[in-house]
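Taken together, the values in this text are just the output of simple stated rules run on the coordinates, not laboratory data. Please read all numbers here as calculations on a predicted model, not as lab measurements. Cβ placement follows ideal geometry from the backbone for every residue including glycine, while neighbour counts extend to all protein chains displayed.
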Amino acid sequence: MSHPDEQAWFRQAYHRAPFGIGVFSAEEGRWLRANPALCRLLGYNEDELAAMAEASLTHPEDPSLTHFLLFGSGTNTLDDEQDAYAPQTIHKRYLHRSGRIVWAVLHASILDEDITQDRPRYLVQLCDTTEQMQREEELRMSEYKHRLVAEVSLDWISRHKADEHATITYSSPACQAFFGYTPEEMIGHSAIGSVHPDDLEHVRAFLAEIVHTQGSRVIFRYRHKDGHYVWLESSSRYTFDASGNVDEIIAVSRDITERISANKLLQESEQKYKSLFDHNPAAVYSMNMNGDYLTANPNLEKLTGYTLDELIGMYWGPIVAEKDLAKTLHHFNLAKQGVPQSYDLTIIHKDGHLVEINSTNIPIVVDSEVVGVFGITTDITERQRYIEQIEKLSIGYTLILNAVSEGIFGLDTDGNTMFFNPAGAAMLGFEPSELIGKPYRDILHEPFANAPRLLGGEDAIFRVIQGGRTYHNKESVMWRKDGSSFLVEYQVTPMTDRGEVKGAVVVFRDKTSEHEILSAKESAERADQAKSEFLAVMSHEIRTPMNGIIGMTELLADTALDEEQRSYADMIRQSSDALMRIINEILDFSKIEAGKMELLDEPLSIREVVESAASLFAPRAAERGIGLDWRFDERIPSLVIGDEGKLRQILVNLLGNAIKFTEQGAVHVDISLHAPAEPHRLYVEFTVTDTGIGIPPDKQQLLFQSFTQLHPAINRKYGGTGLGLAICKKLVELMGGLITVNSKEREGSAFSFTMPFGLPSPEAGAGLEPALSGGQQEHDDELRAAATAALAHNQSLPASSTAPMPVAPPFSSPRLLVVDDVPVNRMLLATLLRKLGCEPDTAENGAEAVRMVSAAPYDIVFMDLQMPVMNGFEATETIHRMFDEAHRPVIVAVTAYARQEDRERCLAAGMQDFISKPVFAQEVERVVRQWAPHSEKLAP
């Protein structure tokens, strides 16, 4: 029986033990008892552990203690009492209450009284080995990382015995790329045995030295598996054992074969440069930034008469003739700025005679900085004398060439122009200097890809140069610089020297006749027609997407919007309207040139036009930080008669230019009234003033020419086609006005135009005097009433109108069909019709429209023109053939083609009405009211 003190000691040891102690029931699979250390180990108190299955605390990848004790150890029988009492050990992981993993080693011994039981209990001791396992894992990871570095390194990492052969004990995989051996083949291989014999001595010396100087490097050649040698740069060091004796050699080697080859090429290049410098037939030298000679080859000594000792350190100035000092200094300074130079000059030989030379100066650049100047100089004295003789001989020939009226030019064997007489150059619209050196193909043909070639002459001229036979053509075509053509008769004669063809001389004369003039006129008409067709196509392609933008904006504005959203929608509408007006004005430019421009006489408010044009540019001006304001003469009537769109286009162009070319300051618009020159008419002056870049006086006469850009460099910055001012001038003059400019370079410009306006009614002329003297309200009311009457008389409102559209007037539910291949256009027009109380059908092309019309009766068909499968014209023709007039639906053209000739073509094709894109609600309502059945009964 144990002593009471011993039991107390055991209890103290049990409770105070730094390791876990517990009694475990293999049958129940739980802890019956657990000391504090075991509870701390798992994070649960003793009662909690007793209520939990030990398996639930075990890491999922490890066995439970019950499984280990009963099955894992192999001692689940009690035949051998000694084996039954032997403690069993297991390493496993537990899950701490906090969720972290706890590594533990468990020693389990069966209790005495349970040795004969089927499900015995065990006394278990648990030690926390988490830190030890973590250190082992870190060690394994460190070894893995070092091994990985060695395996993926581009350098060859190797370990060697510290013997006389430096026997390889480890080799990284880079050896295969370096030497063609696998790492396994390298193991046991003598490293010294593969060193190039010429490098063996200093490699051995290196190995002996690194005992005292750790970390030094050696460069040597190492034999590849196929026999050639690889250049290596190796860094090696010894490691030592615990006794301080040399243990092994660790080396890191890099393949520097390419670097060695590059150095060799560099040395060869330097040698070649030195040879080129020393043996160049020209004088070659270098100078510092002050112009002092630094190096020079012997030819500079021959050229100047000075010895090399005298030249080195000498400034070039005393050698140059006085007349060329300024020129030479100018070119030298440009070379110092990094710009190569080549020029002729005269130098003074040491003995005093003059030498004509050509000098080339090339900047010496090091790390993007000019540090000096190279010079290459050749003696051109004899060449200059020869040229002078030729010039004397050529004077007579030049006088002859300049005197004749025929065009004469000479070509070398490559077809390049050697000379061109003034008469011939003038016929082609060039200066003679513009043509020298150019291929004749570029001179004689119009500079456009689709232009016709010189009729039959191109190959003929070249055949003369090649074959040496004269060629004569009585009728051909040449092209002037401006693109125009003229008929010529020409002859090509070979130039020979001692039987060898050196080129050819071409003599031509202008033989344009009335027939040719008529042909040119017809060609111009065709070109004009092509331009008109191009503008029509471009108008269609631009109007199609603009139809969606403007139409959807109008639908958006008709929905419930807050004040900010309505402001944004209104800005979109105003900008879209402005863009459409610009597109229309571009088309108008073509009409002006063709004399087909039509002016509109409609009531307008000059103040509103100015304010809307200026407000369009207000955000851009604010963004650029410049002021924008306008001053309106209050004597101007509130309504006048004129062309609102063209007035707005002029103001938009002038304001756009002013904002674009003004970096700081302000743009002002002044509108003032001039006394009327005739009854019922007044004149208003508009002035747009800016503080921008201004215009030089010699360029101002070019301002209003089409496609003219006065500042090419500035225009590349600001953009622009050069068409805006030309349009302004044409529109102002078309409306009976005058436009002028007053500008000073770097101070700003003021563009002014004055134009007449009519008054809305004859009575308004009598009331003009009060308006001029004070702008009375009665006069404005009278003008407003006249404008209202004029607007009511029109069938539709102008494009800028914002009058609201009624939501659902009482139509008699006509059957409507919308035909358009663009989904946005179909949806837009269908929505506008639904707002009128109609419910239209839709079709995607003409063929589908024909099928729908043949299947059901329709009152109105809104027909697009450009569609796939079947276009609008073909569909209209088919519908006309299918129905007589009494049963045929009304076909209304809806198209982005907006010219008068387009409207006439649609009507001629059998369409009863015409709506141009962008489509406005007022036009749709007009068409439905006019063509729907019983339209006379519809609400007004």
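Structural remarks
- For E201 and A666, the difference between the fully extended length at 0.36 nm per residue and the C-alpha to C-alpha distance is 158.9 nm.
- Label-point separation, M141 to I101 (7 Å along Cα→Cβ), nm: 1.1 nm
- Taking label positions 7 Å along the Cα-Cβ direction at both T493 and N402, the computed distance is 2.2 nm, reported to one decimal.
- Spin-label pair E6-D309: with each label point 7 Å from Cα along the Cα-Cβ axis, the two points sit 11.7 nm from one another.
- Here T512 and Q900 are evaluated by their C-beta separation; at R0 = 35 Å the FRET efficiency comes out at 0.45.
- Cross-link check: pairs K336/K660; K730/K917; K302/K502; K438/K699 evaluated at a Cα-Cα cut-off of 28 Å; pairs beyond the cut-off: K336/K660; K302/K502; K438/K699.
- Cβ-based exposure ranking for T413, T878, in which fewest neighbours within 10 Å come first: T413, T878
- Once the C-beta distance of V365 and T470 is scaled by a Förster radius of 56 Å, the resulting FRET efficiency is 0.55 to the nearest 0.05.
- For H349 and V501, the FRET efficiency from 1/(1 + (r/R0)^6), where r spans their Cβ atoms and R0 equals 56 Å, is about 0.85.
- Residue exposure sequence - Y94, Y170, Y306 - by fewest surrounding Cβ within 10 Å: Y170, Y306, Y94
- Of the trypsin sites (Lys or Arg not before Pro) found in the range 162-231, the ones in coil according to DSSP and having at most 14 other Cβ atoms within 10 Å of their Cβ are K225.
- Placed amide H near Y170: partners under 5 Å, 5+ positions off or other chain: R159
- Each of Y293, Y386 was scored by other Cβ atoms within 10 Å of its Cβ. Listed from fewest to most, they are Y386, Y293.
- Summing +1 for each Lys or Arg and -1 for each Asp or Glu among the other residues whose beta-carbon sits under 11 angstrom from that of D199 gives +1.
- Extension gain (nm, one decimal) between R237 and E184, 0.36 nm per residue minus Cα-Cα: 16.8 nm
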